[in-house]
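These notes are about the structure you will find just below.
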Amino acid sequence: MRIVVTGRKGQVVQSLLEHARDMPGIEIAAVGRPELDLARPDSIAEALAGTRPDVIVSAAAYTAVDQAEDEPGMAYAINEIGAGEVANAANRLGVPVIHLSTDYVFDGNGEHPYGETAQTAPRSVYGASKLAGERAVAVANPRHLVLRTAWVYSAFGGNFVRTMLRLAAERSEVPVVADQWGNPTSAHDIADAVLRAAARTLARDFDDWGIYHLAGTGTTNWSGFARQIFTSSRAYDGPFAEVKDIATADYPTKAHRPANSRLATEKFGSVFGWTAPDWKLSTDHVVKRLVTEASPSKKPG
């Protein structure tokens, strides 16, 4: 199975490339700028035309949540028009597209985990542009999976886990928001799930196209996530700090963050036979790796 994924540096892209190295029969080709630039829709079809995919994974996106408030045109150009063109190119090549989306399509006011059919009501430019992208993908290619995920972290790139470890190395106490709830989700787990879903879509009898929620098992708030990061880091002789709970109001941001980002993931498990590990376990794996890589002379416990 040959999977072509958009983007080269993203957390999911890097995780897919890493996993494929140990999986005979799986080939990942990453296509990104300058050849494929989602901000230049005319570049997309040409960049994908000769890639010989069995499945295309649409992972590249505009993800600067706060900056999107000042750059709505760019956010929509990439997250809506660009995503739609990737799906259209996949359709022309006769292959399915797996498109990654976000919990930000919801307003976050609900009291329970959001299912796939829950009412969408984004309250940020980023969320609105990603929702528009979901719709563009569905129109462009009937053979599509839209995978909404949340609170993504990994051993790659910039993310909450890496930020917490950096701050813990600099200070003894870290203030973290305690009134936003969600599912911490490892990009390494997302890669596993995408590979499972991609293989299933190639079966002749597969017809379960549409929207799925893909996120870590279990929920917490940001401060609870930070505490787990520091607990794991301390166990491996890495940096740790005390966590001070603060409210969203104490940490104002330009873009609205959903208070409730929890996603219900039973549908993905039912269709694809895959459920994410408990978020604490996946967090521990990533923290262990980061601490060990930062101090190669230390032997992980």
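The values are calculated or read from the model by the stated rules, or taken from the named source; none is laboratory data. Just so you know, these numbers come straight off a predicted model, no measurement behind them. All Cβ positions, even for glycine, are placed from backbone atoms using ideal geometry, and neighbour counts span all protein chains on display.
Things worth noting here:
- TYR251 meets all of the listed conditions (1) modelled with pLDDT under 95; (2) more than 30 Å from ASP70 (Cβ to Cβ); (3) of a type in the set (Ser, Thr, Tyr); (4) exposed (fewer than 15 other Cβ atoms within 10 Å of the Cβ) but one, namely (2).
- Subset of the range 233-292 [of a type in the set (A, V, I, L, M, F, W, C) and closer than 30 Å to ARG200 by Cβ]: LEU263, ALA264, PHE268, VAL271, PHE272, TRP274, ALA276, TRP279, LEU281, VAL286
- None of ARG148, ARG162 is over 19 Å from LEU214 (Cα atoms) and either charged (D, E, K, R) or modelled with pLDDT under 95 (or both) except ARG162.
- Where a residue in the range 227-253 is at positive phi and its partner, wherever it lies, is part of a loop (DSSP other than H, G, I, E, B), with Cβ under 6 Å and at least six apart: ASP237/LYS298
- Listed by first and then second residue, the pairs linking a residue in the range 88-104 that is within 16 Å of ALA199 (Cβ to Cβ) to a residue that is aromatic (Phe, Trp, Tyr) and surrounded by fewer than 24 Cβ atoms within 10 Å (Cβ to Cβ), with Cβ atoms under 9 Å apart and 6 or more places separating them unless they lie on different chains, are PRO96/PHE206; PRO96/TRP209.
- When we screen ASP37, ASP22 for residues that are more than 24 Å from VAL146 (Cβ to Cβ) and either of a type outside the set (A, V, I, L, M) or modelled with pLDDT under 95 (or both), the only hit is ASP22.
- Of the residues making up the range 265-277, at least one is crowded, with 16+ Cβ neighbours inside 10 Å, of a type in the set (A, V, I, L, M, F, W, C), in a loop (DSSP other than H, G, I, E, B) and modelled with pLDDT of 95 or more.
- Meets criteria (acidic (Asp, Glu), touching an Asp or Glu at 6+ places or on another chain (Cβ under 9 Å) and modelled with pLDDT under 95) for GLU46: yes
- Members of the range 203-237 that are in a helix (DSSP H, G or I), of a type in the set (A, V, I, L, M) and crowded, with 20+ Cβ neighbours inside 10 Å: ALA226, ILE229
- Residues that are surrounded by fewer than 24 Cβ atoms within 10 Å (Cβ to Cβ) and either of a type in the set (Gly, Ala, Ser) or on the phi > 0 side of the Ramachandran plot (or both) within the range 172-192 comprise SER172, ALA178, listed in sequence order.
- Only one entry in VAL152, VAL161, VAL146 is buried (at least 21 other Cβ atoms within 10 Å of the Cβ) and touching an Asp or Glu at 6+ places or on another chain (Cβ under 7 Å), namely VAL146.
- Inter-residue pairs, beta-carbon under 9 Å, first in contact (Cβ under 8 Å) with a residue 60 or more places away in the chain and in a helix (DSSP H, G or I) and in the range 1-30, second surrounded by 19 or more Cβ atoms within 10 Å (Cβ to Cβ) and of a type in the set (Asp, Glu), 6+ apart: SER15/ASP189
- ARG200 being touching a residue at least 40 places away in the same chain (Cβ under 8 Å), among the basic types (Lys, Arg), part of a helix (DSSP H, G or I) and in contact with a helix residue (DSSP H, G or I) (Cβ under 6 Å, 6 or more places away or on another chain): yes
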